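Below: the structure, in structure tokens.
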Amino acid sequence: GLWVIPAVEVKIEVVIPEKERSKEEMSPNGKASPLIYKVNGTARHYHLEEHQIASNPYHNPKDVVEASVCHVKDLENGQMREVDLGCGKALLIKESGEFHAVGHKCPHYGAPLVKGVLSKGRVRCPWHGACFNIGTGDIEDFPGLDSLPRFQVKIEKEKVYIRASKQALQTQRRTKMMAKCISLSNYNLSSTNVLIIGAGAAGLVCAETLRQEGFSDRIVMCTMDRHLPYDRPKLSKSMDSHPEQIALRPKEFFCTYDIEVLTEMQVAAVDVKSKIAVFKDGFKMEYNKLLIATGNTPKTLSCKGKEMENVFNIRTPEDANRVVKLATSKNVVIVGASFLGMEVAAYLAERAHSVSLVELEHVPFKKFFGERVGRAVMKMFENNRVKFYMQTEVSELREQEGKLKEVVLKSGKVLRADVCVVGVGAVPATGFLKQSGINIDSKGFIVVNKMMQTNIPGVFAAGDAVTFPLALRNNKKVNVPHWQMAHMHGRIAALNMLAHGSEISTVPYLWTAMFGKSIRYAGHGEGFDDVVIQGDLDELKFVAFYTKSDEVVAVASMNYDPIVSKVAEVLAAGRTIRKRDVDAVVFLSFRTGDMSWLTGKGT
């Protein structure tokens, strides 16, 4: 399972910021001509690479379109408009008297950004909270990997013109410029500058950020998975996705930017004194900087029969695909009304003969969304033929001819089952660090600071396996096992490997999708003592504000966009929303309402 990208000719790739790159540097074909620099006394070539050469995207006149899109007075400050250039659309934005034009679709899942939230030089996606700089198009908060293309705007005779590359209008995404590696042919296979353990969002974003920042030494990622990094949230939301459909980057990408990936490779121990990672098969690798981004391991059932065939934790695309196949027209039992359990139940509801869900609490999502929202969600599931068995757990799994036949509950109830999916939570995958000297808390989480640094210099950690200080909750150490946060952790870790001194301050943002409906959520509601609900729970059109004492700590919504993104922006600006402000915040979320009247933190 070892896949190493071969070393090629000796060259270093650096990134020269767009602003400093002159027109002369461009060779006639629009690619940058190699510049020669002295490194350690030897001359080497530097090349520049970008999917779209941003400083001069118009080197091919046939690829350029220019169109008048509106009158100067058509847009007020703080307004956005989707405009058509004939061969594609752009998002036109006016802020502080200036016009900007960028791609109109979020590169993550294609959400229309015109329905998002504009605030202080950035636009936030209405669906999953990714943020983009309106001046550069650069991604500033996640999920997703790519930035927006940026288009030229000019004003002539009171008219606004946009000039854009047709290719950019069609793709609606831009991969940031990246460095490559000094691919020295005398590379020692068993040593790397940066070693990344884990190939989820945190690991991949770390590797990409290092390259974007001009880092040109060796990067090795290793993963227990058979696959290159993929979109894990899709495993429970669209379970029949194949690995290549959900790959975050194609294989060629890793080759192009010299990010080496070792698949099916498990690290068994880390020796931080000699900076060596020891793999399960005995292979050893030296590193200079280390990122631990191993994520979670699902908990299993502890009852009799848990080892049986057709009992699944969903960890891989193969697991998800297999469950769909086995569940079609059959009886499914899901244990645990977790995000995973509920999403799987929703996905299988119209495919299986029956879907039963077993849960210890009396309402799903009670700890996370509160009782009232939990009940409304439960009703939606019951209306879609999902049967709940609450306040009980599994006492035994029974087989017939080696295959699962029945699930026995502690309440005495016996459920027919051809397939069982277990979603009873997870524990951090940090067992291999026990003797390492890396600081791990009582629950197994790796403890990091705001720079994603562990207690060991040069060792960083990110993603689901860490606790970190959350600015939003007065730097309380929290674990946020969600997709967007893993991306941001990876980025912050990379910047600090390069000694940028960057601290994490992002607002957690997550979503869940069931029966074609989404619940969006921003903030950190742990320990909330009240829920203020506006809208109609029965109609599944509502927004819920989670408060602790008098302060809003989180918000959730269904069919109420873009309110969660609006609140995320308010919280990201360091403002406090009090209980008494909730009505006004809801009112203003559907206008280009300014929220600056809300007080800052600590005032």
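Would you mind finding the one in Gly402, Gly374 that is assigned by the TED database to the domain that holds Lys330 and either touching a helix residue (DSSP H, G or I) at 6+ places or on another chain (Cβ under 6 Å) or charged (D, E, K, R) (or both)?
Exactly one of Gly402, Gly374 is assigned by the TED database to the domain that holds Lys330 and either touching a helix residue (DSSP H, G or I) at 6+ places or on another chain (Cβ under 6 Å) or charged (D, E, K, R) (or both), namely Gly374.
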How about segment 491-519: which of its residues are within 17 Å of Ser565 (Cα to Cα), open to solvent by less than 40 Å² (accessible area, probe 1.4 Å) and of a type in the set (S, T, N, Q)? Thr506, Thr512, Ser518
Confirm whether Asn296 is touching a residue at least 40 places away in the same chain (Cβ under 8 Å) and open to solvent by 40 Å² or more (accessible area, probe 1.4 Å). no
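Return the only residue of Leu397, Leu326, Leu290, Leu301 being out of contact with any helix residue (DSSP H, G or I) (no Cβ under 6 Å at 6 or more places or on another chain), within 12 Å of Gly423 (Cβ to Cβ) and either open to solvent by less than 20 Å² (accessible area, probe 1.4 Å) or not in a strand (DSSP E or B) (or both).
Working: Leu397 fails: within 12 Å of Gly423 (Cβ to Cβ); Leu326 fails: within 12 Å of Gly423 (Cβ to Cβ); Leu290 fails: within 12 Å of Gly423 (Cβ to Cβ).
Sole residue among the options that is out of contact with any helix residue (DSSP H, G or I) (no Cβ under 6 Å at 6 or more places or on another chain), within 12 Å of Gly423 (Cβ to Cβ) and either open to solvent by less than 20 Å² (accessible area, probe 1.4 Å) or not in a strand (DSSP E or B) (or both): Leu301.
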Does segment 64-79 include one or more residues that are open to solvent by 80 Å² or more (accessible area, probe 1.4 Å), within 17 Å of Leu118 (Cβ to Cβ) and at pLDDT 50 or above? yes
Out of Thr506, Thr547, which single residue is β-branched (Val, Ile, Thr) and in contact with a Lys or Arg (Cβ under 8 Å, 6 or more places away or on another chain)? Thr547
For His227, only one of the following conditions fails: (1) assigned to a loop (DSSP other than H, G, I, E, B); (2) surrounded by 22 or more Cβ atoms within 10 Å (Cβ to Cβ). What is its number? (2)
Total residues in segment 477-515, condition small (Gly, Ala, Ser) and out of contact with any helix residue (DSSP H, G or I) (no Cβ under 9 Å at 6 or more places or on another chain): 1
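Which residue out of Ser238, Ser190 is surrounded by fewer than 23 Cβ atoms within 10 Å (Cβ to Cβ) and under 20 Å from the mean Cα position of the chain (by Cα)?
From the options Ser238, Ser190, the qualifying one is Ser238.
Which of the following residues is within 26 Å of Tyr546 (Cα to Cα) and β-branched (Val, Ile, Thr): Val363, Val355? Before you say what the answer is, go through the steps one by one.
Details: Val355 fails: within 26 Å of Tyr546 (Cα to Cα).
Answer to the selection: Val363.
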Go through segment 147-171 and give me each residue that's outside any strand (DSSP E or B) and open to solvent by 10 Å² or more (accessible area, probe 1.4 Å). Lys157, Glu158, Lys166, Gln167, Gln170, Thr171
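The values are calculated or read from the model by the stated rules, or taken from the named source; none is laboratory data. Please read all numbers here as calculations on a predicted model, not as lab measurements. Because the Cβ atoms are built from the backbone with ideal geometry, glycine has one as well, and the counts that use them run over all protein chains shown. With ligands, DNA and RNA removed, areas are computed over all heavy atoms of the protein, side chains included. Shrake-Rupley method; radii C 1.70, N 1.55, O 1.52, S 1.80 Å.
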